[in-house]
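One structure is given below, encoded as structure tokens.
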Amino acid sequence: QPGMTGQVKEDVLSRFGELGIFVEDGKLGFKPSLLQTKEFLQSSSTFSFTNVSKEAQEIALDSNTLCFTYCQVPIIYKISNKSQIRVVFNNGKEVVFDEMSLDATISKSIFERKGEVNQIQVAFKK
């Protein structure tokens, strides 16, 4: 990115590593094993972000969740007794994955910032 120092780039990449974001064979995956429980919300809150259409949006978050964006798509982590990923699309459709990575088609849509994915909910065992 123009204007970013090497340190800023390294910090951004390191944080995505800590959050457990990885891309393998063109598929977006999640391994949030480095996250600490103290990083999750202690009480409900609101997350504000700008979507791919440059519109300001807000998401209501429950306690014990953590939210961030990747390619301007909100990703919500929640500690659960079952590991799965739920992809919510802007047209109301939902797709659930029982493994901790998305398929190549949905991943490509996110990487290309097509604006089809509304949010990704990642539940995992801690």
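The values are calculated or read from the model by the stated rules, or taken from the named source; none is laboratory data. The structure displayed is predicted, hence computed values, not measured ones. With ideal geometry, Cβ positions are generated from the backbone for all residues, glycine too; neighbour counts draw on all protein chains shown. Note: accessible area is taken over every heavy atom of the protein model, side chains too, but ligands, DNA and RNA are not part of it. Shrake-Rupley method; radii C 1.70, N 1.55, O 1.52, S 1.80 Å.
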FRET efficiency (K114, K31; Cβ distance; R0 22 Å; to 0.05) is 0.30
S45 and N81 label points (each 7 Å along its Cα→Cβ direction) are spaced in nm at 2.7
So the pair-distance distribution of the chain, from every Cα-Cα distance in 10 Å bins, comes to percents of 12, 43, 38, 8, 0
Largest-first ranking of K38, K31 by accessible area, probe 1.4 Å, whole protein assembly kept, is K38, K31
With R₀ set to 30 angstrom, the calculated FRET efficiency between the beta-carbons of K54 and K125, to the nearest 0.05, is 0.25
Flagged as over-length at 22 Å C-alpha distance, from K38/K126; K93/K125; K31/K108; K82/K114; K38/K93; K93/K114, the pairs are K93/K125; K82/K114; K38/K93
Quick calc, D62 & K93: beta-carbon distance into FRET formula, R0 30 Å, rounding 0.05, result 0.85
